[in-house]
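The values are calculated or read from the model by the stated rules, or taken from the named source; none is laboratory data. Since we're looking at a predicted model, the values are computed, not measured. Note that we place each Cβ from the backbone using ideal geometry, even for glycine, and neighbour counts take in every protein chain shown.
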Amino acid sequence: MTKRLEGLAAIVTGGAGGIGTAVGLLFCEEGASVLLVDRDRDATEAAAHAIREQVPGARVAHAGLDLATEAAAAEAVALSKEAFGRLDCVVNNAGIRAYEPLAEARAETWHAIIAVNLLSYAYLAREALPDLRASPAASIVNVSSTHAFNPRAGMGQYDVTKAGIVSLTRTLAAEEASRGVRVNAVCPGPTLTPFHIRRGEADGRSRGDLETERRRDCLMERWGTPREAAYPILWLASPEASFVTGTAIMVDGGMPVI
Ligand SMILES: NC(=O)c1ccc[n+]([C@@H]2O[C@H](COP(=O)([O-])OP(=O)(O)OC[C@H]3O[C@@H](n4cnc5c(N)ncnc54)[C@H](O)[C@@H]3O)[C@@H](O)[C@H]2O)c1
């Protein structure tokens, strides 16, 4: 059977763990060449190594870049072309969180979260577009959040950036449709990644505790896995989604219904 991304090259940001690594693995399984980009160079290298062990012959490269700086976007595109000679797909997935109620939100936190969660997506898309427009199967997938649509108290800065990603996605889809670049968003709900595991441990809860915890914030009453978030990203990036652009797919176990 033909692999879904055979012959294509992708950049995946935030590739050092969690959803980003799961996307890198799945893309490699489906025949893509993948550049994992993350500010955590060592963890990104380890993720690339783990993918090579799981997918014999995987074409996976890695780069340690701080995507909060505008220059990192052009660097990532150049590295993909150097490694694979092409670029067909961008998965913008890097993200940070902030927990300041808006009444106490500091300028420093606003600037930091907007730089990573929103501007890095915009800059990487902009720098990738000349190559994407030349690709026969061009796609950008932006990782937003269910909380783009379901904002909550206490994480306003994060939720605003995630809503901004959906808006960015729709505008870019409108601007690039005639040039053959599809642009979509995926909106995960609670997904058990190393971020949550570290946070749980700091709280005295083990990974096992988190895994068995019944979640009351989504219909499926459990955490999603990184791979469950990666599959819709794969589908959006693949030719199977050739008539899909400007949309946001909820991958949240039914959270908005609650
Ligand atoms: N895990 C969840 O429950 C969940 C839910 C909804 C949305 N999301 C979103 O999914 C994405 C991945 O989340 P996750 O939980 O898998 O991992 P995560 O939130 O721990 O972080 C993603 C990666 O981004 C990297 N990163 C942060 N700042 C960076 C920078 N300046 N430059 C380069 N890399 C940087 C981190 O090092 C990390 O590896 C994030 O955008 C997150 O907001 C996650």
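Which one of these is closer than 27 Å to Arg86 by Cβ, at pLDDT 95 or above and in contact with a Leu (Cβ under 6 Å, 6 or more places away or on another chain): Ser120, Ser135?
Only one candidate passes the filter, namely Ser120.
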Under 6 Å between Cβ atoms, at least 6 apart or on separate chains: pull out the pairs that start in region 189-216 with a residue that is at negative phi and end on any residue that is of a type in the set (Gly, Ala, Ser).
Gly189/Gly253; Thr191/Gly224; Thr191/Ala229; Thr193/Gly18; Pro194/Gly17; Pro194/Gly18; Leu210/Gly200
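Do we have Leu79 as touching a strand residue (DSSP E or B) at 6+ places or on another chain (Cβ under 9 Å) and either closer than 12 Å to Thr21 by Cβ or surrounded by 23 or more Cβ atoms within 10 Å (Cβ to Cβ) (or both) here? It would help to see each step written out before you state the result.
Working: touching a strand residue (DSSP E or B) at 6+ places or on another chain (Cβ under 9 Å): yes; either closer than 12 Å to Thr21 by Cβ or surrounded by 23 or more Cβ atoms within 10 Å (Cβ to Cβ) (or both): no.
No.
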Within region 243-252, does at least one residue satisfy the condition of being away from the ligand (no atom under 11 Å from the Cβ), more than 23 Å from Tyr99 (Cβ to Cβ) and either among the acidic types (Asp, Glu) or at pLDDT below 95 (or both)?
no
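Tell me the residue from Leu124, Leu102, Leu118, Leu67 that is under 24 Å from Ile249 (Cβ atoms) and out of contact with any strand residue (DSSP E or B) (no Cβ under 8 Å at 6 or more places or on another chain), please.
Details: Leu124 fails: out of contact with any strand residue (DSSP E or B) (no Cβ under 8 Å at 6 or more places or on another chain); Leu102 fails: under 24 Å from Ile249 (Cβ atoms); Leu67 fails: out of contact with any strand residue (DSSP E or B) (no Cβ under 8 Å at 6 or more places or on another chain).
Being under 24 Å from Ile249 (Cβ atoms) and out of contact with any strand residue (DSSP E or B) (no Cβ under 8 Å at 6 or more places or on another chain) holds for just one of Leu124, Leu102, Leu118, Leu67, which is Leu118.
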Could you give me the residue pairs with C-beta distances under 9 Å whose first residue belongs to region 159-176 and is within 16 Å of Ile114 (Cβ to Cβ), whose second residue is of a type in the set (Lys, Arg) and surrounded by fewer than 19 Cβ atoms within 10 Å (Cβ to Cβ) wherever it lies, and which are 6+ apart or on separate chains?
Asp159/Arg152
Tell me whether region 192-200 contains one or more residues that are more than 14 Å from the chain's Cα centre (by Cα) and more than 11 Å from the ligand (Cβ to nearest atom).
yes
Inside region 43-59, can you point out the residues that are under 22 Å from Ala115 (Cα atoms) and not small (Gly, Ala, Ser)?
Thr44
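Here's the yes/no breakdown for (1) of a type in the set (Asp, Glu); (2) more than 21 Å from Asn117 (Cα to Cα); (3) within 17 Å of the chain's Cα centre (by Cα):
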{"residue": "Gly15", "(1), (2), (3)": "no, no, yes"}
{"residue": "Gly18", "(1), (2), (3)": "no, no, yes"}
{"residue": "Val23", "(1), (2), (3)": "no, no, yes"}
{"residue": "Phe27", "(1), (2), (3)": "no, yes, yes"}
{"residue": "Arg39", "(1), (2), (3)": "no, no, yes"}
{"residue": "Leu65", "(1), (2), (3)": "no, no, yes"}
{"residue": "Ala71", "(1), (2), (3)": "no, no, no"}
{"residue": "Cys89", "(1), (2), (3)": "no, no, yes"}
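Among Arg4, Arg39, Arg106, which is crowded, with 17+ Cβ neighbours inside 10 Å, under 25 Å from Arg198 (Cβ atoms) and among the basic types (Lys, Arg)?
On the way: Arg4 fails: under 25 Å from Arg198 (Cβ atoms); Arg106 fails: crowded, with 17+ Cβ neighbours inside 10 Å.
Exactly one of Arg4, Arg39, Arg106 is crowded, with 17+ Cβ neighbours inside 10 Å, under 25 Å from Arg198 (Cβ atoms) and among the basic types (Lys, Arg), namely Arg39.
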Candidate set from region 8-58 (those that are of a type in the set (Ser, Thr, Tyr) and over 15 Å from Val141 (Cβ atoms)); member that is farthest from the ligand (Cβ to nearest atom)
Ser33
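So, in region 189-215, exactly how many residues are closer than 14 Å to Gly17 by Cβ and in contact with a helix residue (DSSP H, G or I) (Cβ under 8 Å, 6 or more places away or on another chain)?
Residues of region 189-215 closer than 14 Å to Gly17 by Cβ: 191-199, 207.
Narrowing the set further to residues that are in contact with a helix residue (DSSP H, G or I) (Cβ under 8 Å, 6 or more places away or on another chain) leaves 191-197, 207.
Summing the residues that are closer than 14 Å to Gly17 by Cβ and in contact with a helix residue (DSSP H, G or I) (Cβ under 8 Å, 6 or more places away or on another chain) in region 189-215 gives 8.
On the basis of being β-branched (Val, Ile, Thr), assigned to a strand (DSSP E or B) and surrounded by 21 or more Cβ atoms within 10 Å (Cβ to Cβ), does Ile140 make the cut? Steps first, please.
Numbers: β-branched (Val, Ile, Thr): yes; assigned to a strand (DSSP E or B): yes; surrounded by 21 or more Cβ atoms within 10 Å (Cβ to Cβ): yes.
In short, yes.
Considering region 88-112 alone, what residues qualify as being farther than 23 Å from Pro226 by Cα, touching a residue at least 12 places away in the same chain (Cβ under 8 Å) and not β-branched (Val, Ile, Thr)? Walk me through how you get there before you give the answer.
Taking region 88-112 as the starting set, the residues that turn out to be farther than 23 Å from Pro226 by Cα are 100-112.
Add one more test, that the residue is touching a residue at least 12 places away in the same chain (Cβ under 8 Å), and what stays is 100-102, 105, 109-110, 112.
Hits for region 88-112 are Glu100, Pro101, Leu102, Ala105, Trp110, Ala112.
Tell me, which residue of region 239-255 that is touching a helix residue (DSSP H, G or I) at 6+ places or on another chain (Cβ under 7 Å) and assigned to a loop (DSSP other than H, G, I, E, B) is surrounded by the fewest Cβ atoms within 10 Å (Cβ to Cβ)? Walk me through it before giving the result.
Taking region 239-255 first, the residues touching a helix residue (DSSP H, G or I) at 6+ places or on another chain (Cβ under 7 Å) are 241, 244-246, 248-252, 255.
Then keep just the ones that are assigned to a loop (DSSP other than H, G, I, E, B); that gives 244-246, 252.
Numbers: Val244: 15, Thr245: 20, Gly246: 17, Asp252: 26.
Restricting to residues being touching a helix residue (DSSP H, G or I) at 6+ places or on another chain (Cβ under 7 Å) and assigned to a loop (DSSP other than H, G, I, E, B), the top hit is Val244.
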Being closer than 26 Å to Ala47 by Cα, aliphatic (A, V, I, L, M), out of contact with any helix residue (DSSP H, G or I) (no Cβ under 8 Å at 6 or more places or on another chain) and surrounded by 14 or more Cβ atoms within 10 Å (Cβ to Cβ), is that true of even one residue in region 166-188?
no
